[in-house]
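Report on the following structure.
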Amino acid sequence: MNTWAIHHNPDDFPNPDTFDPSRFLANPFGVDARQNAQPDASRRQTYAFGAGRRICAGQRMAENSMLLAMAKLAWAFTIRVPGKGDLDTKMETAWKDAILTGPKEVPLEFEVRGEERRRVIEREWVKADGFLKAFE
C-alpha cells in the first residue's frame with residue numbers, strides 16, 4: 001500500500017507536508033476533526049507497519065523503543081539546525097531520489113543540556129559499552 005499517499009490525503013490532513021504533532025491533540029488519528037469527528041473503527045494512527053493480516057508483529061515494541069529513544073534525546077540534548085531557515089521536510093526536496101529512498105543528510109547540532117546530564121550520559125555509556133563488549 002502507498003503509506004505516503006494515505007498519510008498525505010489533504011481531506012484527512014490539512015497541510016499534510018507541515019510537521020504538526022499538535023494535530024494529534026484534537027484527534028487521536030491526527031485527522032481533521034471537523035471532517036472526521038468519528039473516524040472509521042478500522043482506521044489506524046499509522047500505516048507504516050502495514051495493515052490487515054500482514055501487519056508487523058513488532059509494531060508496539062518498535063513504537064515504544066522509538067518513544068524512549070526520542071524522550072532520552074530530548075532530555076539530554078538541545079538540537080539545532082545550523083544556519084537560518086527551517087528544516088526541509090518536503091518529500092520532493094528532502095529525500096534522495098533512488099530505488100531505496102531515504103532522507104538527505106541533515107546537518108544538526110547537538111548540545112548537552114548541562115554538566116549533570118553530561119555525567120549521566122558518560123556513566124551510562126561506560127555501562128552499555130561494558131555490557132556490549134561481551135558480544136564482540
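What follows draws every value from the coordinates through simple rules; no lab data is involved. The structure displayed is predicted, hence computed values, not measured ones. Cβ coordinates were reconstructed from backbone atoms using ideal geometry, including for glycine residues, and neighbour counts include every protein chain displayed.
Worth pointing out:
- Local net charge near Asp129, Cβ-Cβ under 12 Å (Lys/Arg +1, Asp/Glu -1): 0
- Taking the stretch 78-136 and dividing mean pair separation by its residue count, relative contact order in percent (alpha carbons under 8 Å, at least six apart): 34
- Close amide H pairs (under 5 Å, H built 1.01 Å from N) link Trp95 with Lys104, residues at least 5 positions away or on another chain.
- Environment charge of Ile55, counting only residues whose C-beta is closer than 13 Å and scoring Lys/Arg +1, Asp/Glu -1: +3
- Equivalent-ellipsoid semi-axes for the chain (Cα gyration tensor, √(5λ), whole Å, largest first): 33, 21, 18.
- The count of lysine pairs in the chain with alpha-carbon distances below 27 Å, taking only pairs 8 or more places apart or on different chains, stands at 9.
- The angle between the Cα long axis of helix 59-76 and the longest principal axis of the Cα atoms of the chain comes to about 50 degrees, rounded to the nearest 10.
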